[in-house]
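Asks: Handing you a structure now.
The values are calculated or read from the model by the stated rules, or taken from the named source; none is laboratory data. Model, not experiment: these values are computed from the prediction. Virtual Cβ from ideal backbone geometry, glycine too; neighbours counted across all protein chains shown.
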Amino acid sequence: MKASLKDELIKAKKGKYAVPAFNFDNLEMMKGIIEAAEEEKSPVILMVTESAAKYMGLDYVFSFALTAAKNATVPVVLHWDHGFDIELIKKAVDAGFSSVMLDSSLKPFDENIKETLEVVNYARNKGVDVESEIGHVGGKEDDRNSASNGYTNVNEALEFEKQTKIDALAIAIGTSHGLFKGEIKLQFELLDELNKKIKTPLVLHGSSQVPLDDLKKAISLGITKINIGTDLKIACAEGIKKWFNDNPNGYDARKYGRNAVDFVKIEAKKKIIAFGSNNRA
């Protein structure tokens, strides 16, 4: 069933767990995510980025995602992740997504607010929730490489929340998109301060490869949504590679595809259980 981002994150905040937010790049990844959520009885956020949507085709993505949410036995939030193109974000709103994210975090603070308000005003009229980012999580996101521009500033986050009235706020506390190239060191004291001062549900991006114990601690300090993309990409690829290693003369896409689904499902279940969202549907 299609669900509201805001509603699910409010439940997570009260229940002290985080809703897993998984990116999908193909049908196999989407199926693995939904099957994992259903088997663990977990709400889930099914996300797609601009480049993944362009690769699959917007119409295909909208059709697949809406069908997945409609047929699922657990709450499914359909989320447009890391939108840079406001016109594409509006298309996701019009298509029936539950929520959208605008990423203007590399732009000047005032411009970030201005663009976020444009999206909020458009989305709210159609009952769609909005996520935005203050402080920039660096790394490779949606085929774009960028360096972090520092951790989230508490005062800026408060002002951003006040002016935009968004439904979810992504913060920068030391995670990175894609594969980490250095030591992972989350700023838990900053997170604790943000959680005490910000009422809007807090989101952690770039969480693949972060130790599960660190993610559990982040949840205990107020994180309600955790984004995972790279770990599922790796799982999908490993599932296909293993099938061909075991079947070097094989060619049936249904069979190596099924192996990819199963590997994605295993990885997604690990996150669901670690985040405490299992049996919360």
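Asks: Which residue, of LYS241, LYS199, LYS216, is outside any loop (DSSP other than H, G, I, E, B) and surrounded by fewer than 15 Cβ atoms within 10 Å (Cβ to Cβ)? So that I can check it myself, show each step before the final result.
Replies: On the way: LYS199 fails: outside any loop (DSSP other than H, G, I, E, B); LYS216 fails: surrounded by fewer than 15 Cβ atoms within 10 Å (Cβ to Cβ).
Answer to the selection: LYS241.
Asks: So, of the residues in the stretch 91-108 that are in contact with a helix residue (DSSP H, G or I) (Cβ under 6 Å, 6 or more places away or on another chain) and assigned to a helix (DSSP H, G or I), which turns out to be nearest to GLU133 (Cα to Cα)?
Replies: VAL93
Asks: Now for a separate question. Tell me yes or no: at least one residue of the stretch 26-40 is among the polar types (S, T, N, Q), at pLDDT 95 or above and crowded, with 23+ Cβ neighbours inside 10 Å.
Replies: No, the stretch 26-40 contains no residue that is among the polar types (S, T, N, Q), at pLDDT 95 or above and crowded, with 23+ Cβ neighbours inside 10 Å.
Asks: Quick test for you: out of LYS225, LYS269, pick the one residue that is basic (Lys, Arg), within 27 Å of GLU133 (Cβ to Cβ), modelled with pLDDT of 95 or more and crowded, with 19+ Cβ neighbours inside 10 Å.
Replies: LYS225
Asks: So which pairs qualify, if the first residue must be in the stretch 92-107 and surrounded by fewer than 17 Cβ atoms within 10 Å (Cβ to Cβ), the second must be part of a strand (DSSP E or B) and of a type in the set (D, E, K, R), the Cβ gap must be under 9 Å, and the two must be at least 6 apart or on different chains?
Replies: GLY96/LYS2
Asks: Could you list all residues from the stretch 41-82 that are farther than 19 Å from LYS270 by Cβ, polar (S, T, N, Q) and either under 17 Å from the mean Cα position of the chain (by Cα) or surrounded by 24 or more Cβ atoms within 10 Å (Cβ to Cβ) (or both)?
Replies: THR49, SER51
Asks: Go through the stretch 70-90 and give me each residue that's assigned to a loop (DSSP other than H, G, I, E, B) and not aliphatic (A, V, I, L, M).
Replies: The answer is THR73, PRO75, PHE84, ASP85.
Asks: Still on this structure: Cβ-Cβ distance below 7 Å, separation of 6 or more or different chains: which pairs start in the stretch 252-281 with a residue that is under 15 Å from VAL74 (Cβ atoms) and end on one that is outside any helix (DSSP H, G or I) and polar (S, T, N, Q)?
Replies: ILE272/SER42; ILE272/ASN278; SER277/SER42; ASN278/SER42; ARG280/SER42; ALA281/SER42
Asks: Do the conditions hold for ILE113, that is, is it more than 18 Å from VAL44 (Cα to Cα) and crowded, with 22+ Cβ neighbours inside 10 Å?
Replies: No.
Asks: Where residues in the stretch 183-196 are assigned to a loop (DSSP other than H, G, I, E, B) and out of contact with any Lys or Arg (no Cβ under 9 Å at 6 or more places or on another chain), which of them is modelled with the highest pLDDT?
Replies: The qualifying residue modelled with the highest pLDDT is GLN187.
Asks: How many of the residues in the stretch 219-235 are assigned to a loop (DSSP other than H, G, I, E, B) and within 24 Å of LYS31 (Cβ to Cβ)?
Replies: 1
Asks: Do you know which residues across the stretch 95-111 are within 20 Å of the chain's Cα centre (by Cα) and over 14 Å from THR49 (Cα atoms)?
Replies: ALA95, GLY96, SER98, SER104, SER105, LEU106
Residues checked against (1) in contact with a strand residue (DSSP E or B) (Cβ under 9 Å, 6 or more places away or on another chain); (2) modelled with pLDDT of 90 or more; (3) within 21 Å of GLY229 (Cβ to Cβ); (4) surrounded by 13 or more Cβ atoms within 10 Å (Cβ to Cβ):
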site: ALA168; (1), (2), (3), (4): yes, yes, yes, yes
site: ILE173; (1), (2), (3), (4): yes, yes, yes, yes
site: SER176; (1), (2), (3), (4): yes, no, yes, yes
site: LYS181; (1), (2), (3), (4): yes, no, yes, no
